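Written below as structure tokens is the structure these notes are about.
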Amino acid sequence: MISYNTQNVSLPKIRRRDTSAWIKAVAASYGKRVGDIAYIFCDDEKILEVNRQYLQHDYYTDIITFDYTEDDLISGDIFISLDTVRSNAEEQHTTYDNELHRVIIHGILHLCGINDKGPGEREIMEAAENKALAML
């Protein structure tokens, strides 16, 4: 089940049924099934609090993914700062909706096993994001 929750913000205007179907299709393209996925849309202050408390990082970010995946069943809690999504959209000269969908699927791609911290991994993640966005 995929749930969409908020803390300190209003739920973004996404078509939840269509978004959930898209997420499942992207996961299936990696041989994965969707278990329990909880999206928590929040503001910068909440994501900073989560980053400090659970990851010992003292900075803002657009997304934090907590991975509870077992075998091919992906599950996790995905925190998304709508403040940072908006800032990133402006910096990247893209629409808010496009950036929001990119971040939504970014978390799913992490749960599917794609990383973006090591050498060359960022390019692999960006290609996977673009492929997933084309499926939307």
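Roughly how many debye, to the nearest 20, is the charge dipole of segment 46-136 about its Cα centre, given +1 on each Lys and Arg Cβ, -1 on each Asp and Glu Cβ, and no other charges? Each step should come with its number before you reach the end.
On the way: 7 positive and 18 negative charges, 26 e Å.
Dipole magnitude for segment 46-136 comes out near 120 debye.
For Tyr96 and Asp36, calculate 0.36 nm times their separation in residues minus their Cα-Cα distance, and state this gained length in nm to one decimal.
Values: separation 60, 0.36 × 60 = 21.60 nm, distance 2.60 nm.
Once the chain is fully extended between Tyr96 and Asp36, it gains 19.0 nm.
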**Study point:** Interchain or long-range residues, amide H under 5 Å from Phe41's placed H
**Key:** Asn5, Thr6, Gln7, Ile80
Check your understanding: Comparing Thr94, Thr61, Thr69, which has the greatest mean-square fluctuation in the GNM of the chain with Cα pairs linked when under 10 Å apart?
Key -> Thr94
**Study point:** From phi via Karplus (6.51, -1.76, 1.60), per-residue ³J(HN,Hα) for segment 81-88 in Hz, x at Gly/Pro
**Key:** 7, 5, 4, 6, 4, 5, 4, 5
Review point. Out of Ala89, His57, Ser20, whose Cα points farthest toward the positive end of the dipole of the chain (charges: +1 Lys, Arg; -1 Asp, Glu; placed on Cβ)?
Key: Ser20
Check your understanding: Amide H to amide H, which residues 5 or more places from Ile2 or on other chains are under 5 Å from it, using H placed in the peptide plane?
Key -> Ile37
Check your understanding: What's the percent breakdown of Cα-Cα distances in the chain across 10 Å bins, shortest bin first?
Key -> 12, 45, 38, 5
Practice item. Calculate one ³J(HN,Hα) per residue across segment 67-74 by plugging θ = phi - 60° into the Karplus curve 6.51 cos²θ - 1.76 cosθ + 1.60, and present them in order as whole Hz with x for glycine and proline. Key: 9, 10, 5, 10, 6, 9, 9, 7
Exercise for review: Return, ordered by residue number, the residues of segment 64-79 whose backbone nitrogen is under 18 Å from a label point located 7 Å along Cα→Cβ of Ser29.
Suggested key: 74
Practice item. Read phi for every residue in segment 113-128 and hand back ³J(HN,Hα) as whole Hz from Karplus 6.51 cos²θ - 1.76 cosθ + 1.60, θ = phi - 60°, with x for Gly and Pro. Key: x, 8, 9, 9, 9, x, x, x, 6, 4, 5, 5, 5, 4, 5, 5
Check your understanding: For the chain, modelled as a GNM with alpha-carbon contacts under 10 angstrom, which of Asp116, Asp83, Asp44 fluctuates the most?
Key -> Asp116
Point to revise | Most mobile of Leu82, Leu11, Leu109 in a GNM of the chain (Cα contacts under 10 Å) | key: Leu11
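Values in this text are rule-based calculations from the coordinates and carry no lab data. Just so you know, these numbers come straight off a predicted model, no measurement behind them. Cβ sites come from the backbone with ideal geometry, for glycine too, and all protein chains shown count toward neighbours.
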